[in-house]
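Taking it in order: structure first as structure tokens, then the write-up.
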Amino acid sequence: WLDVARRDWSDELLAVTRLTRAHMPDLAEGSAPVARLSAGFTRRWGMKAPPVVAGGAGDCAASAIGLGAIAAGDGFLSLGTSGVVWRTTDRFLPNPALAVHAFCHALPGVWHQMGVMLSSAASLAWAASVFGRPEAELLAPLGDAVDGPSPVAFLPYLSGERTPHNDATVRGVFAGLSPESGRDAMVQAVLEGVAFAARDNLLALGEGAGAPTELDLAGGGSRSRLWARVCADVLGVTVHRIEDGEVGAGLGAARLGRMAATGEDPAAVCRKPRRLESFVPDPSRAEAYGRAWLRWRRLYPLAREFAAVEASVAGP
């Protein structure tokens, strides 16, 4: 029932569903004070006075606050269990045709778009379980850089995919396997498949007001220099490994609480983390990855058709 552009309840939707504003909870910005902790919990947790409770945020918006992604055009790529390509916007920019999420940000007067991949670092974790080796051991033989695309392709739709397909039934695919295909080529394909999916997401976001021109990396996958380099070459944008890239959401929640308690300016509180290393796309590899991405995109219709055939064979 939320009118996201107006950041208010939609009277039209309420009327259609025979509801009124009296049925709805109060709305609050994420950085606004909304209550104080109850006396019972204040005593239980050993606090001298009841602390302020902030409106708060969901996980991705909290991560954005922690990463300082609060101005229009700020972006990041999260390589967590699932993956997110984020862009902060100064207005509501929906794109439902490509399953782009468009929501209010956790700060007043700011919105965001995000593309969501259901299996990002989860794809590498799955490969580690199949090969029976820790993720770090799988990545070690590849070093910090590769010369170009793997001869094997991987579609990382292990649990279906959201952006840009919104397809719950499609599943993952390895393609191009031969007797010469070894573990290293398959692991490299997993990294590249996730990066290709992120490129699909970046393209979907770019249909609005232009995609970000640089991205901070967050999530567990951000620890890999190789994956960061692959992402830069595949996406065609500069990618930054950042300090404490795995704690963005927790830090963001703490920052929202701080602003609710103090009323400080978000620009003073939500500073960007220190960048540890930047990866600029290599022109030669980026060109090769561009061709590989076009081939990779042809796998989805085949995987979708296979899922439909499998469903028809399985029956109701």
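Tabulated results
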{"quantity": "Only listed residue being under 21 Å from residue 194 (Cβ atoms), in a helix (DSSP H, G or I) and out of contact with any Leu (no Cβ under 7 Å at 6 or more places or on another chain), chosen from 22, 97, 69, 64", "calculated": "64"}
{"quantity": "Unique match (being buried (at least 22 other Cβ atoms within 10 Å of the Cβ), touching an Asp or Glu at 6+ places or on another chain (Cβ under 9 Å) and not charged (D, E, K, R)) among 30, 109, 115, 55", "calculated": "115"}
{"quantity": "Leading residue by the ranking (farthest from residue 56 (Cα to Cα)) among those in segment 233-253 that are assigned to a strand (DSSP E or B) and of a type in the set (A, V, I, L, M, F, W, C)", "calculated": "239"}
{"quantity": "Residue check for residue 57: of a type in the set (Gly, Ala, Ser), more than 28 Å from residue 240 (Cβ to Cβ) and touching a helix residue (DSSP H, G or I) at 6+ places or on another chain (Cβ under 9 Å)", "calculated": "no"}
{"quantity": "Hits in segment 218-246 (condition: over 15 Å from residue 144 (Cβ atoms) and polar (S, T, N, Q))", "calculated": "238"}
{"quantity": "Of residues in segment 225-269 being within 18 Å of the chain's Cα centre (by Cα), modelled with pLDDT of 95 or more and small (Gly, Ala, Ser), the one surrounded by the fewest Cβ atoms within 10 Å (Cβ to Cβ)", "calculated": "236"}
{"quantity": "Failed criterion for residue 281 (all others in (1) within 17 Å of residue 146 (Cβ to Cβ); (2) in a helix (DSSP H, G or I) hold)", "calculated": "(2)"}
{"quantity": "Qualifying residue in segment 222-245 (condition: of a type in the set (Val, Ile, Thr) and more than 22 Å from residue 87 (Cα to Cα))", "calculated": "no"}
{"quantity": "Filtered residue count, segment 167-186, keeping only those that are in contact with a strand residue (DSSP E or B) (Cβ under 9 Å, 6 or more places away or on another chain) and either crowded, with 24+ Cβ neighbours inside 10 Å or not in a helix (DSSP H, G or I) (or both)", "calculated": "11"}
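The values are calculated or read from the model by the stated rules, or taken from the named source; none is laboratory data. Source: prediction; values computed, not measured. Every residue, glycine among them, receives a Cβ derived from its backbone with ideal geometry; neighbour counts consider all protein chains shown.
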